[in-house]
1. Is one or more of the residues making up the range 243-260 over 24 Å from Y87 (Cα atoms) and hydrophobic (A, V, I, L, M, F, W, C)?
2. Please work out which residue is nearest to T410 (Cα to Cα), limiting yourself to the range 294-323 and to residues that are open to solvent by 10 Å² or more (accessible area, probe 1.4 Å) and in contact (Cβ under 8 Å) with a residue 40 or more places away in the chain.
3. Name the single residue that is surrounded by the most Cβ atoms within 10 Å (Cβ to Cβ) among those in the range 121-152 being over 23 Å from S48 (Cβ atoms) and among the β-branched types (V, I, T).
4. Among the residues of the range 341-356, count how many are in contact with a strand residue (DSSP E or B) (Cβ under 7 Å, 6 or more places away or on another chain) and assigned to a loop (DSSP other than H, G, I, E, B).
5. Does I155 count as under 30 Å from F442 (Cα atoms), open to solvent by 10 Å² or more (accessible area, probe 1.4 Å), of a type in the set (A, V, I, L, M) and in a loop (DSSP other than H, G, I, E, B)?
6. Can you name every one of the strands (runs of 3 or more DSSP E) wholly within the range 362-481 that holds 1 or more residues which are in contact (Cβ under 8 Å) with a residue 12 or more places away in the chain and more than 30 Å from L323 (Cα to Cα)?
7. Is it the case that the range 274-282 has a residue that's among the aliphatic types (A, V, I, L, M), in contact with a helix residue (DSSP H, G or I) (Cβ under 6 Å, 6 or more places away or on another chain) and surrounded by 17 or more Cβ atoms within 10 Å (Cβ to Cβ)?
8. Among the residues of the range 67-105, which ones are of a type outside the set (S, T, N, Q), out of contact with any strand residue (DSSP E or B) (no Cβ under 6 Å at 6 or more places or on another chain), more than 28 Å from T342 (Cβ to Cβ) and in a loop (DSSP other than H, G, I, E, B)?
Amino acid sequence: MNFRESLIKYFNLDEKSLNEITKPIEEIRLIDPDSIEVMESLKERIFSAIKNKEKIIVYGDYDCDGISATSIMVKTFEKLNYPVSYYVPIRYSDGYGLNVKNVEKIAKAGFNLIITVDNGISAHEAIDKANELGMDVIVVDHHEIPENPVKAYGILHPIVSKISDVYGSGGYMALFLSAGLLGYFDDYLVTIAALSVISDLMELKGYNRDVVRLALRNLKEHKYKQFMCLVDNPDVISEKTFSLEIAPKINAIGRLIEDKNINLLVKYMVSEDINEIEKLSMWIKNNNELRKTLTKEAVEALPNDLLNEKGIVLNLDIKEGLLGLIANRLLNERNVPSLIFTKDSMDPLLLKGSCRSKEGFNVTKAFEKLNKYVVAGGGHALAGGITIKAKDFNEFKKDFIQLCEENPFTKGELPAIEISLKDINFANYEILREFSPFGMGFEEPLFLVKDLPTRSLQFISQGKHLSTPISINSKLLGFNIPESEVKKYLGIDLFGNFNVSCFRDKLTLELKIADYILKN
(Lines give C-alpha, C1' and ligand atoms only; values in the text may rest on other atoms or scores of the structure.)
Protein backbone atom coordinates (compact mmCIF):
# COMPACT_ATOMS: atom_id res chain seq x y z
CA MET A 1 0.00 0.00 0.00
CA ASN A 2 1.51 3.33 -1.05
CA PHE A 3 1.43 6.52 1.04
CA ARG A 4 -1.68 7.98 -0.63
CA GLU A 5 -3.61 4.72 -0.25
CA SER A 6 -2.65 4.63 3.43
CA LEU A 7 -4.15 8.10 3.90
CA ILE A 8 -7.38 7.13 2.14
CA LYS A 9 -7.69 4.06 4.38
CA TYR A 10 -6.85 6.07 7.53
CA PHE A 11 -9.59 8.63 6.81
CA ASN A 12 -11.98 5.89 5.64
CA LEU A 13 -12.82 7.80 2.45
CA ASP A 14 -14.96 6.42 -0.33
CA GLU A 15 -14.55 7.81 -3.85
CA LYS A 16 -17.25 10.45 -3.40
CA SER A 17 -15.80 11.72 -0.10
CA LEU A 18 -12.28 11.72 -1.53
CA ASN A 19 -13.37 13.77 -4.54
CA GLU A 20 -15.23 16.23 -2.31
CA ILE A 21 -12.32 17.03 -0.02
CA THR A 22 -9.68 17.13 -2.78
CA LYS A 23 -11.70 18.90 -5.49
CA PRO A 24 -9.86 21.70 -7.30
CA ILE A 25 -10.17 24.98 -5.43
CA GLU A 26 -11.66 26.61 -8.55
CA GLU A 27 -14.71 24.36 -8.10
CA ILE A 28 -15.46 25.58 -4.56
CA ARG A 29 -18.65 27.62 -4.33
CA LEU A 30 -19.59 29.15 -1.00
CA ILE A 31 -23.25 29.11 0.04
CA ASP A 32 -25.24 31.86 -1.70
CA PRO A 33 -26.17 34.33 1.08
CA ASP A 34 -29.43 35.17 -0.70
CA SER A 35 -30.50 31.54 -0.32
CA ILE A 36 -30.61 32.11 3.46
CA GLU A 37 -34.23 32.78 4.37
CA VAL A 38 -33.65 35.70 6.74
CA MET A 39 -31.15 37.51 4.50
CA GLU A 40 -33.65 39.61 2.54
CA SER A 41 -35.16 40.97 5.76
CA LEU A 42 -31.72 41.82 7.19
CA LYS A 43 -30.64 43.55 3.99
CA GLU A 44 -33.84 45.60 3.89
CA ARG A 45 -33.34 46.80 7.46
CA ILE A 46 -29.68 47.71 6.95
CA PHE A 47 -30.17 49.42 3.59
CA SER A 48 -33.10 51.32 5.10
CA ALA A 49 -30.80 52.49 7.91
CA ILE A 50 -28.23 53.61 5.34
CA LYS A 51 -30.84 55.43 3.25
CA ASN A 52 -32.25 57.21 6.32
CA LYS A 53 -28.78 57.97 7.72
CA GLU A 54 -29.42 56.05 10.94
CA LYS A 55 -26.60 55.45 13.39
CA ILE A 56 -25.40 51.82 13.35
CA ILE A 57 -23.07 50.12 15.82
CA VAL A 58 -21.43 46.70 15.50
CA TYR A 59 -21.07 45.03 18.92
CA GLY A 60 -18.51 42.22 18.99
CA ASP A 61 -16.47 40.03 21.32
CA TYR A 62 -12.90 40.03 22.62
CA ASP A 63 -11.67 36.67 21.27
CA CYS A 64 -10.26 36.01 17.80
CA ASP A 65 -13.65 34.97 16.42
CA GLY A 66 -15.34 38.08 17.81
CA ILE A 67 -12.59 40.38 16.52
CA SER A 68 -12.82 38.68 13.11
CA ALA A 69 -16.60 39.07 12.97
CA THR A 70 -16.47 42.72 14.03
CA SER A 71 -13.74 43.47 11.49
CA ILE A 72 -15.69 41.81 8.68
CA MET A 73 -18.75 43.95 9.38
CA VAL A 74 -16.80 47.22 9.79
CA LYS A 75 -14.88 46.59 6.54
CA THR A 76 -18.14 45.75 4.78
CA PHE A 77 -19.68 49.09 5.72
CA GLU A 78 -16.48 50.81 4.58
CA LYS A 79 -16.96 49.16 1.19
CA LEU A 80 -20.57 50.39 1.21
CA ASN A 81 -19.15 53.84 1.95
CA TYR A 82 -21.27 54.19 5.08
CA PRO A 83 -19.72 55.03 8.47
CA VAL A 84 -20.50 52.74 11.40
CA SER A 85 -19.27 52.60 14.97
CA TYR A 86 -18.07 49.43 16.65
CA TYR A 87 -17.41 48.25 20.17
CA VAL A 88 -15.51 45.25 21.48
CA PRO A 89 -16.45 44.61 25.13
CA ILE A 90 -13.66 44.48 27.70
CA ARG A 91 -13.41 41.07 29.36
CA TYR A 92 -12.67 42.56 32.80
CA SER A 93 -15.33 45.28 33.01
CA ASP A 94 -18.00 44.39 30.44
CA GLY A 95 -17.92 40.61 30.53
CA TYR A 96 -19.09 38.60 27.55
CA GLY A 97 -21.80 39.78 25.17
CA LEU A 98 -24.33 42.57 24.93
CA ASN A 99 -25.48 43.82 28.35
CA VAL A 100 -28.08 46.28 29.63
CA LYS A 101 -25.52 48.82 30.83
CA ASN A 102 -23.95 49.13 27.40
CA VAL A 103 -27.33 49.12 25.62
CA GLU A 104 -28.29 52.16 27.68
CA LYS A 105 -25.03 53.89 26.72
CA ILE A 106 -25.61 53.04 23.05
CA ALA A 107 -29.15 54.46 23.19
CA LYS A 108 -27.91 57.62 24.91
CA ALA A 109 -25.40 58.10 22.07
CA GLY A 110 -28.27 58.13 19.57
CA PHE A 111 -27.86 54.79 17.80
CA ASN A 112 -30.81 53.26 15.97
CA LEU A 113 -29.49 49.82 15.03
CA ILE A 114 -27.23 47.38 16.87
CA ILE A 115 -25.63 44.46 15.00
CA THR A 116 -24.23 41.93 17.45
CA VAL A 117 -21.58 39.58 16.07
CA ASP A 118 -20.33 36.41 17.80
CA ASN A 119 -22.79 37.13 20.63
CA GLY A 120 -26.42 38.04 21.25
CA ILE A 121 -28.28 34.75 20.83
CA SER A 122 -28.83 34.56 24.62
CA ALA A 123 -28.88 38.29 25.47
CA HIS A 124 -32.60 38.42 26.38
CA GLU A 125 -32.41 41.19 28.95
CA ALA A 126 -30.14 43.43 26.85
CA ILE A 127 -32.19 43.02 23.67
CA ASP A 128 -35.45 43.61 25.52
CA LYS A 129 -33.91 46.84 26.85
CA ALA A 130 -32.84 47.86 23.33
CA ASN A 131 -36.38 47.27 22.06
CA GLU A 132 -37.77 49.29 24.95
CA LEU A 133 -35.44 52.17 24.08
CA GLY A 134 -36.52 52.14 20.43
CA MET A 135 -33.53 50.40 18.88
CA ASP A 136 -33.53 47.38 16.58
CA VAL A 137 -31.04 44.56 17.13
CA ILE A 138 -29.76 42.19 14.45
CA VAL A 139 -28.09 39.14 16.01
CA VAL A 140 -25.28 37.48 14.05
CA ASP A 141 -24.15 34.58 16.21
CA HIS A 142 -23.31 30.87 16.27
CA HIS A 143 -23.52 29.88 19.92
CA GLU A 144 -25.93 27.39 21.45
CA ILE A 145 -29.58 28.32 20.91
CA PRO A 146 -31.54 29.11 24.11
CA GLU A 147 -34.91 27.50 24.77
CA ASN A 148 -36.68 30.83 24.29
CA PRO A 149 -35.44 32.87 21.31
CA VAL A 150 -34.37 36.48 21.85
CA LYS A 151 -36.77 39.14 20.54
CA ALA A 152 -34.36 40.57 17.99
CA TYR A 153 -35.28 42.19 14.69
CA GLY A 154 -33.55 39.30 12.93
CA ILE A 155 -31.19 36.42 13.70
CA LEU A 156 -28.46 35.06 11.42
CA HIS A 157 -27.27 31.75 12.89
CA PRO A 158 -26.12 28.48 11.27
CA ILE A 159 -28.93 26.41 12.79
CA VAL A 160 -31.70 28.99 13.38
CA SER A 161 -31.28 30.31 9.83
CA LYS A 162 -31.05 26.75 8.41
CA ILE A 163 -27.70 27.42 6.74
CA SER A 164 -26.25 24.03 7.68
CA ASP A 165 -26.36 21.37 10.36
CA VAL A 166 -22.65 22.15 10.88
CA TYR A 167 -21.91 25.06 13.22
CA GLY A 168 -19.91 27.83 11.57
CA SER A 169 -18.06 30.54 13.48
CA GLY A 170 -19.32 34.01 14.40
CA GLY A 171 -16.95 35.41 11.79
CA TYR A 172 -18.38 33.11 9.14
CA MET A 173 -21.91 34.25 9.92
CA ALA A 174 -20.69 37.85 9.60
CA LEU A 175 -19.19 36.91 6.21
CA PHE A 176 -22.61 35.75 4.99
CA LEU A 177 -24.17 39.06 5.99
CA SER A 178 -21.26 40.88 4.33
CA ALA A 179 -21.72 38.98 1.07
CA GLY A 180 -25.46 39.59 1.20
CA LEU A 181 -24.88 43.34 1.51
CA LEU A 182 -22.02 43.60 -0.99
CA GLY A 183 -23.33 41.10 -3.51
CA TYR A 184 -20.06 39.13 -3.51
CA PHE A 185 -17.60 37.36 -1.22
CA ASP A 186 -14.61 39.63 -0.70
CA ASP A 187 -11.32 37.64 -0.71
CA TYR A 188 -9.83 39.45 2.28
CA LEU A 189 -13.00 39.03 4.33
CA VAL A 190 -13.13 35.35 3.36
CA THR A 191 -9.62 35.01 4.81
CA ILE A 192 -10.63 36.70 8.07
CA ALA A 193 -13.67 34.39 8.31
CA ALA A 194 -11.44 31.33 7.90
CA LEU A 195 -9.22 32.58 10.72
CA SER A 196 -12.33 32.71 12.90
CA VAL A 197 -13.40 29.19 11.89
CA ILE A 198 -10.04 27.75 12.91
CA SER A 199 -9.52 29.88 16.01
CA ASP A 200 -12.96 28.94 17.38
CA LEU A 201 -12.38 25.23 16.68
CA MET A 202 -15.28 24.77 14.29
CA GLU A 203 -15.68 21.36 12.68
CA LEU A 204 -13.68 21.32 9.44
CA LYS A 205 -16.21 19.83 7.08
CA GLY A 206 -18.65 21.15 4.51
CA TYR A 207 -18.77 24.90 4.19
CA ASN A 208 -16.21 25.40 6.98
CA ARG A 209 -13.66 23.37 5.06
CA ASP A 210 -14.39 25.25 1.86
CA VAL A 211 -13.84 28.70 3.35
CA VAL A 212 -10.51 27.63 4.88
CA ARG A 213 -9.28 26.24 1.56
CA LEU A 214 -10.20 29.47 -0.21
CA ALA A 215 -8.54 31.54 2.51
CA LEU A 216 -5.26 29.64 2.30
CA ARG A 217 -5.17 30.28 -1.44
CA ASN A 218 -5.96 33.98 -0.86
CA LEU A 219 -3.24 34.36 1.77
CA LYS A 220 -0.61 32.69 -0.41
CA GLU A 221 -1.56 34.88 -3.39
CA HIS A 222 -2.18 38.24 -1.73
CA LYS A 223 -0.01 38.00 1.43
CA TYR A 224 -2.31 40.34 3.33
CA LYS A 225 -0.23 42.65 5.49
CA GLN A 226 -2.35 42.16 8.64
CA PHE A 227 -1.79 38.42 8.46
CA MET A 228 1.83 38.35 7.33
CA CYS A 229 2.93 40.75 10.11
CA LEU A 230 1.81 38.12 12.64
CA VAL A 231 3.22 35.09 10.82
CA ASP A 232 6.35 33.45 12.24
CA ASN A 233 7.15 31.44 9.13
CA PRO A 234 6.03 33.25 5.93
CA ASP A 235 7.58 30.55 3.72
CA VAL A 236 5.18 27.88 5.01
CA ILE A 237 1.50 28.85 4.85
CA SER A 238 -1.04 26.28 6.06
CA GLU A 239 -3.98 26.04 8.44
CA LYS A 240 -1.35 25.95 11.24
CA THR A 241 -0.48 29.52 10.24
CA PHE A 242 -3.95 30.48 11.49
CA SER A 243 -4.18 28.17 14.52
CA LEU A 244 -0.63 28.37 15.92
CA GLU A 245 0.74 31.70 14.71
CA ILE A 246 -2.02 34.29 14.20
CA ALA A 247 -4.98 33.35 16.43
CA PRO A 248 -2.97 33.07 19.70
CA LYS A 249 -1.56 36.58 19.15
CA ILE A 250 -5.04 38.05 18.56
CA ASN A 251 -6.41 36.20 21.57
CA ALA A 252 -3.57 37.46 23.77
CA ILE A 253 -4.94 41.00 23.57
CA GLY A 254 -8.38 40.02 24.87
CA ARG A 255 -6.72 38.04 27.68
CA LEU A 256 -4.55 40.92 28.90
CA ILE A 257 -6.00 44.31 27.92
CA GLU A 258 -8.29 45.89 30.53
CA ASP A 259 -9.35 49.02 28.63
CA LYS A 260 -10.82 50.14 25.31
CA ASN A 261 -7.51 49.49 23.53
CA ILE A 262 -9.01 46.06 22.77
CA ASN A 263 -10.76 47.91 19.91
CA LEU A 264 -7.37 48.56 18.28
CA LEU A 265 -7.52 44.96 17.04
CA VAL A 266 -10.41 45.88 14.75
CA LYS A 267 -8.55 49.00 13.62
CA TYR A 268 -5.60 46.72 12.80
CA MET A 269 -7.71 44.31 10.75
CA VAL A 270 -9.48 46.98 8.68
CA SER A 271 -6.65 49.51 8.22
CA GLU A 272 -5.22 50.38 4.80
CA ASP A 273 -2.26 52.26 6.32
CA ILE A 274 0.92 50.14 6.14
CA ASN A 275 2.69 52.12 8.87
CA GLU A 276 -0.30 51.80 11.18
CA ILE A 277 -0.54 48.05 10.52
CA GLU A 278 3.15 47.55 11.28
CA LYS A 279 2.97 49.64 14.46
CA LEU A 280 -0.09 47.80 15.76
CA SER A 281 1.40 44.42 14.83
CA MET A 282 4.32 45.16 17.17
CA TRP A 283 1.86 46.01 19.93
CA ILE A 284 0.05 42.71 19.34
CA LYS A 285 3.28 40.67 19.30
CA ASN A 286 4.65 42.37 22.40
CA ASN A 287 1.45 41.58 24.31
CA ASN A 288 1.64 37.99 23.13
CA GLU A 289 5.17 37.71 24.52
CA LEU A 290 3.91 39.20 27.78
CA ARG A 291 1.12 36.63 27.82
CA LYS A 292 3.68 33.82 27.45
CA THR A 293 5.88 35.27 30.20
CA LEU A 294 3.00 35.75 32.65
CA THR A 295 1.75 32.21 32.03
CA LYS A 296 5.22 30.71 32.48
CA GLU A 297 5.88 32.71 35.66
CA ALA A 298 2.50 31.79 37.15
CA VAL A 299 3.12 28.08 36.61
CA GLU A 300 6.72 28.17 37.84
CA ALA A 301 5.68 30.04 41.01
CA LEU A 302 3.33 27.28 42.13
CA PRO A 303 4.60 25.31 45.13
CA ASN A 304 4.58 21.56 44.49
CA ASP A 305 2.62 20.85 47.67
CA LEU A 306 -0.37 22.72 46.18
CA LEU A 307 -0.64 20.28 43.30
CA ASN A 308 -2.81 17.25 44.08
CA GLU A 309 -1.85 13.96 42.43
CA LYS A 310 -5.31 13.13 41.05
CA GLY A 311 -6.49 16.61 40.12
CA ILE A 312 -5.41 20.24 40.35
CA VAL A 313 -7.71 22.96 41.73
CA LEU A 314 -6.07 26.30 42.49
CA ASN A 315 -7.23 29.81 43.33
CA LEU A 316 -4.61 32.26 42.03
CA ASP A 317 -4.21 36.01 41.96
CA ILE A 318 -3.84 36.29 38.19
CA LYS A 319 -5.55 37.82 35.18
CA GLU A 320 -8.78 36.07 34.29
CA GLY A 321 -7.67 35.76 30.67
CA LEU A 322 -4.74 33.52 31.63
CA LEU A 323 -6.80 30.87 33.46
CA GLY A 324 -7.26 28.51 30.51
CA LEU A 325 -3.62 28.82 29.44
CA ILE A 326 -2.35 27.93 32.92
CA ALA A 327 -4.85 25.07 33.24
CA ASN A 328 -3.72 23.70 29.88
CA ARG A 329 -0.04 23.99 30.81
CA LEU A 330 -0.60 22.11 34.09
CA LEU A 331 -2.70 19.48 32.31
CA ASN A 332 0.17 18.75 29.93
CA GLU A 333 2.84 18.82 32.65
CA ARG A 334 0.98 16.88 35.37
CA ASN A 335 -1.41 14.80 33.25
CA VAL A 336 -4.41 15.32 35.57
CA PRO A 337 -7.57 17.47 35.22
CA SER A 338 -6.60 21.06 35.97
CA LEU A 339 -8.98 23.79 37.14
CA ILE A 340 -7.66 27.29 37.84
CA PHE A 341 -9.74 29.98 39.58
CA THR A 342 -9.24 33.68 40.17
CA LYS A 343 -11.39 36.41 41.69
CA ASP A 344 -14.19 37.52 39.35
CA SER A 345 -13.22 40.99 38.12
CA MET A 346 -16.88 42.10 38.25
CA ASP A 347 -17.88 40.52 41.59
CA PRO A 348 -15.30 39.88 44.37
CA LEU A 349 -17.64 37.40 46.07
CA LEU A 350 -17.29 35.06 43.08
CA LEU A 351 -14.47 33.00 41.62
CA LYS A 352 -14.16 32.39 37.89
CA GLY A 353 -12.46 29.20 36.77
CA SER A 354 -11.24 27.45 33.64
CA CYS A 355 -10.78 23.70 33.39
CA ARG A 356 -8.81 21.49 30.98
CA SER A 357 -8.94 17.71 30.76
CA LYS A 358 -8.26 14.63 28.63
CA GLU A 359 -10.26 11.57 27.58
CA GLY A 360 -11.81 9.84 30.59
CA PHE A 361 -12.69 12.91 32.65
CA ASN A 362 -15.62 14.83 31.19
CA VAL A 363 -15.56 18.48 32.30
CA THR A 364 -19.21 19.34 31.66
CA LYS A 365 -20.41 16.15 33.36
CA ALA A 366 -18.22 17.01 36.36
CA PHE A 367 -19.78 20.48 36.53
CA GLU A 368 -23.26 18.91 36.36
CA LYS A 369 -22.44 16.63 39.32
CA LEU A 370 -21.19 19.65 41.27
CA ASN A 371 -24.21 21.72 40.28
CA LYS A 372 -24.92 22.79 43.88
CA TYR A 373 -21.79 24.98 43.73
CA VAL A 374 -22.19 26.31 40.17
CA VAL A 375 -23.28 29.92 39.68
CA ALA A 376 -22.55 29.72 35.94
CA GLY A 377 -20.77 27.18 33.81
CA GLY A 378 -20.43 25.62 30.40
CA GLY A 379 -18.07 24.18 27.84
CA HIS A 380 -17.51 20.72 26.42
CA ALA A 381 -15.99 17.37 27.38
CA LEU A 382 -12.36 18.46 27.61
CA ALA A 383 -12.59 22.18 28.46
CA GLY A 384 -14.99 24.42 30.30
CA GLY A 385 -15.52 27.57 32.31
CA ILE A 386 -17.19 27.81 35.71
CA THR A 387 -18.15 30.44 38.29
CA ILE A 388 -18.61 29.58 41.97
CA LYS A 389 -19.00 31.51 45.21
CA ALA A 390 -15.63 32.27 46.83
CA LYS A 391 -16.86 30.88 50.19
CA ASP A 392 -17.50 27.47 48.54
CA PHE A 393 -13.98 27.02 47.15
CA ASN A 394 -12.64 24.50 49.69
CA GLU A 395 -15.72 22.27 49.60
CA PHE A 396 -15.86 22.47 45.80
CA LYS A 397 -12.17 21.57 45.54
CA LYS A 398 -12.60 18.48 47.75
CA ASP A 399 -15.58 17.23 45.70
CA PHE A 400 -13.90 18.01 42.37
CA ILE A 401 -10.77 16.04 43.27
CA GLN A 402 -12.98 13.16 44.42
CA LEU A 403 -14.47 13.10 40.90
CA CYS A 404 -10.94 13.14 39.44
CA GLU A 405 -10.09 10.04 41.49
CA GLU A 406 -13.27 8.28 40.34
CA ASN A 407 -12.73 9.18 36.66
CA PRO A 408 -9.03 8.80 35.72
CA PHE A 409 -7.78 9.52 32.23
CA THR A 410 -8.08 6.66 29.75
CA LYS A 411 -5.40 6.02 27.18
CA GLY A 412 -6.53 3.90 24.29
CA GLU A 413 -4.42 2.89 21.32
CA LEU A 414 -3.51 5.85 19.17
CA PRO A 415 -4.78 5.44 15.59
CA ALA A 416 -1.75 5.95 13.40
CA ILE A 417 -0.31 5.18 9.97
CA GLU A 418 2.79 3.03 10.25
CA ILE A 419 5.69 4.38 8.18
CA SER A 420 9.46 3.96 7.91
CA LEU A 421 12.06 6.68 8.28
CA LYS A 422 12.47 6.88 4.51
CA ASP A 423 8.75 7.77 4.19
CA ILE A 424 9.44 11.07 5.96
CA ASN A 425 10.10 13.08 2.79
CA PHE A 426 8.73 16.13 0.98
CA ALA A 427 7.09 14.04 -1.77
CA ASN A 428 4.86 12.39 0.82
CA TYR A 429 4.31 15.73 2.58
CA GLU A 430 2.89 17.13 -0.68
CA ILE A 431 0.57 14.11 -0.96
CA LEU A 432 -0.56 14.73 2.63
CA ARG A 433 -1.34 18.38 1.83
CA GLU A 434 -3.78 17.23 -0.89
CA PHE A 435 -6.03 16.07 1.98
CA SER A 436 -5.72 19.33 3.96
CA PRO A 437 -6.86 21.46 5.71
CA PHE A 438 -6.83 19.54 8.97
CA GLY A 439 -8.60 20.56 12.15
CA MET A 440 -11.58 19.74 14.37
CA GLY A 441 -13.40 16.67 13.09
CA PHE A 442 -10.72 16.03 10.44
CA GLU A 443 -7.52 15.83 12.46
CA GLU A 444 -4.10 15.61 10.90
CA PRO A 445 -3.02 11.97 10.73
CA LEU A 446 -0.60 10.58 13.27
CA PHE A 447 2.32 8.57 11.92
CA LEU A 448 4.08 5.71 13.71
CA VAL A 449 7.71 4.69 13.32
CA LYS A 450 8.16 1.38 15.15
CA ASP A 451 11.12 -0.28 16.83
CA LEU A 452 13.79 2.37 16.41
CA PRO A 453 16.96 1.47 18.33
CA THR A 454 17.44 4.13 21.01
CA ARG A 455 21.21 4.14 20.42
CA SER A 456 20.53 5.69 16.97
CA LEU A 457 18.82 8.77 18.43
CA GLN A 458 20.48 12.15 18.99
CA PHE A 459 19.53 14.75 21.59
CA ILE A 460 20.00 18.50 22.13
CA SER A 461 19.87 21.01 25.04
CA GLN A 462 21.83 18.83 27.46
CA GLY A 463 19.74 15.82 26.58
CA LYS A 464 16.33 17.42 27.17
CA HIS A 465 14.97 17.20 23.61
CA LEU A 466 15.19 14.59 20.85
CA SER A 467 16.54 15.89 17.53
CA THR A 468 17.75 13.27 15.08
CA PRO A 469 18.59 13.95 11.40
CA ILE A 470 17.08 11.49 8.92
CA SER A 471 18.32 13.04 5.67
CA ILE A 472 19.67 16.36 4.44
CA ASN A 473 16.18 17.92 4.78
CA SER A 474 14.28 15.77 7.27
CA LYS A 475 14.56 14.90 10.96
CA LEU A 476 12.85 13.54 14.07
CA LEU A 477 12.01 16.24 16.62
CA GLY A 478 10.55 15.77 20.10
CA PHE A 479 10.47 18.20 23.01
CA ASN A 480 10.77 17.10 26.66
CA ILE A 481 11.91 13.59 25.73
CA PRO A 482 14.90 13.15 28.08
CA GLU A 483 17.90 11.20 26.82
CA SER A 484 18.51 9.87 30.36
CA GLU A 485 15.13 8.09 30.29
CA VAL A 486 15.19 6.95 26.66
CA LYS A 487 18.67 5.41 26.76
CA LYS A 488 17.60 3.05 29.56
CA TYR A 489 15.67 1.13 26.89
CA LEU A 490 16.70 -0.70 23.73
CA GLY A 491 13.88 0.40 21.43
CA ILE A 492 11.26 3.08 20.97
CA ASP A 493 8.05 3.60 18.98
CA LEU A 494 7.52 7.21 17.90
CA PHE A 495 4.12 8.78 17.13
CA GLY A 496 4.14 12.14 15.37
CA ASN A 497 2.85 14.54 12.75
CA PHE A 498 4.56 15.96 9.68
CA ASN A 499 5.66 19.56 10.17
CA VAL A 500 7.71 21.92 7.99
CA SER A 501 10.09 24.39 9.63
CA CYS A 502 12.21 27.08 8.01
CA PHE A 503 15.59 28.22 9.32
CA ARG A 504 17.88 30.54 7.35
CA ASP A 505 15.76 29.97 4.23
CA LYS A 506 16.16 26.20 4.47
CA LEU A 507 12.99 24.09 4.71
CA THR A 508 13.13 20.98 6.88
CA LEU A 509 10.46 18.29 7.17
CA GLU A 510 10.06 17.09 10.75
CA LEU A 511 8.26 14.17 12.27
CA LYS A 512 7.22 16.16 15.34
CA ILE A 513 6.81 13.65 18.16
CA ALA A 514 3.44 13.66 19.93
CA ASP A 515 3.95 10.47 21.99
CA TYR A 516 6.34 7.55 22.36
CA ILE A 517 6.56 4.06 23.81
CA LEU A 518 9.84 2.76 25.23
CA LYS A 519 10.59 -0.97 24.78
CA ASN A 520 13.15 -3.47 26.03
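The values are calculated or read from the model by the stated rules, or taken from the named source; none is laboratory data. Model, not experiment: these values are computed from the prediction. Positions of Cβ are generated from backbone atoms using ideal geometry, with glycine treated the same way; all protein chains shown enter the neighbour counts. The area values use the complete protein model at the heavy-atom level, side chains included, leaving out ligands, DNA and RNA. Shrake-Rupley method; radii C 1.70, N 1.55, O 1.52, S 1.80 Å.
1. Scanning the range 243-260 turns up at least one residue that is over 24 Å from Y87 (Cα atoms) and hydrophobic (A, V, I, L, M, F, W, C).
2. In this case the residue turns out to be K310.
3. Step by step, filter the range 121-152, then rank; the result is I121.
4. So the count comes out to 2.
5. No.
6. 447-453, 465-471, 474-478
7. There is at least one residue in the range 274-282 that is among the aliphatic types (A, V, I, L, M), in contact with a helix residue (DSSP H, G or I) (Cβ under 6 Å, 6 or more places away or on another chain) and surrounded by 17 or more Cβ atoms within 10 Å (Cβ to Cβ).
8. L80, Y82, P83
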